[in-house]
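Please treat every number below as a calculation from the coordinates, not as lab data. Keep in mind that this is a model prediction, so the values were computed, not measured. Please note: Cβ atoms are built from the backbone with ideal geometry, for glycine as well, and neighbour counts cover all protein chains shown.
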């Protein structure tokens, strides 16, 4: 089973990289962009075949290592 | 003073801080590999600067889960003083021994230069050889030195007088121009609630002998020596 973990900065946390991307897009002539936020995607291939157990394991991985919940939110989806 | 310096893969200020400790105390510290699971008896544990694990995922995130860190966390709970410099500060926040997080600098740039800091209090084991509100000059060298914590945490740090050093101008004013990393409240370093753990982004070991062009970092090590002998 594959887990796709998405990590994004919490609202209100300054994202200097997102700001820089926004500036670059504007200078390339892409208008109408209100804001850009940059995040990460982490793909995990798991041996686990039971969805419930896989969910619990991935949530724990996010809490312990993959995300820093001081500044980041995480979400994940499981793909059989 | 028996000190241990933890060496992670990618640490690069471990030997600098070892020299600073040896010069002040007369004893070379024990260098402890991150993969070890125990420390020699230590009056002080130092987490040095560098780029442990190449800053993969987040600065300090991997190092925070090194085998040795379990022991560091255990000893911290028993009151062993811990000093985290630069990457060491990042590791301390990732382990949860200090609150908040060090984010990418607001300028997106690696900044390596001298900055002026205000010593916020001089009644801790790390700061007694400074004057209160003394202005000192110590270099930073980081890409992720932008201190961030939620409002509640910041209020608690301020309320409990746990800011160790703040970026200020030479007159001691904490303005935006003196804070190139973009740290909240111009924070350069903080203490845990017992002031036994200090994390700071500036490098006191780089200004601990005349040859290096400054001595403003030396009182920090002298303070520790006075208390820990």
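Want the number for residue B:185 to residue B:134: 0.36 nm per residue separation, take away the alpha-carbon distance, what's left?
Gain on extension, residue B:185 to residue B:134, equals 16.6 nm.
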| said: Using a 7 Å offset from the Cα along the Cα-to-Cβ direction at both residue A:75 and residue B:215, what is the distance between the two label points in nm, to one decimal? | reply: 5.9 nm
| message | Contact order normalised by length for the stretch B:3-228, with contacts defined as Cα pairs under 8 Å and 6 or more residues apart; what percent is it? | response | 20 percent
| remark: Between residue B:75 and residue B:122, the two model label points (7 Å from Cα along the beta-carbon direction) sit apart by a distance in nm of 3.0 nm
| field | Folded to 0 to 90 degrees: helix A:16-27 orientation relative to chain A principal axis, Cα | value | 50 degrees
| note | Rounded to the nearest 10, the angle in degrees between the Cα long axis of helix A:51-61 and the longest principal axis of the Cα atoms of chain A comes to 60 degrees
| Shielding by other protein chains, A:16-22, mean Cβ within 10 Å | 2
| Full-extension gain in nm, residue B:65 to residue B:37, via 0.36 nm per residue minus C-alpha separation | 8.9 nm
| In square nanometres, what is the average projected area of the Cα convex hull of chain B? | 11.0 nm²
| message | So, R0 is 22 Å and r is the distance between the beta-carbons of residue A:11 and residue A:55; what FRET efficiency does that work out to, to 0.05? | response | 0.35
| task | Divide by every residue of the protein assembly as shown the summed helix terms, -39500 (n - 2.57) for each DSSP H run of at least 4, and state the resulting mean residue ellipticity at 222 nm, rounded to the nearest 500 deg cm²/dmol. | result | -7500 deg cm²/dmol
| remark: One finds the C-alpha centres of the stretch B:40-57 and the stretch A:39-80 to be spaced, in Å, by 27 Å
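If R₀ is 41 angstrom, what is the calculated FRET efficiency for the pair residue A:35 and residue B:27, using the beta carbon separation as r and rounding to 0.05?
Calculated value: 0.15.
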| field | Two-decimal log10 I(q)/I(0) for chain A, as the Debye equation yields it once each C-alpha is a single scatterer, q = 0.12, 0.17, 0.23 Å⁻¹ | value | -0.46, -0.72, -0.98
| Over the C-alpha atoms of the protein assembly as shown, what are the Rg and the largest Cα-to-Cα span, Dmax, in Å? | 20.4, 64
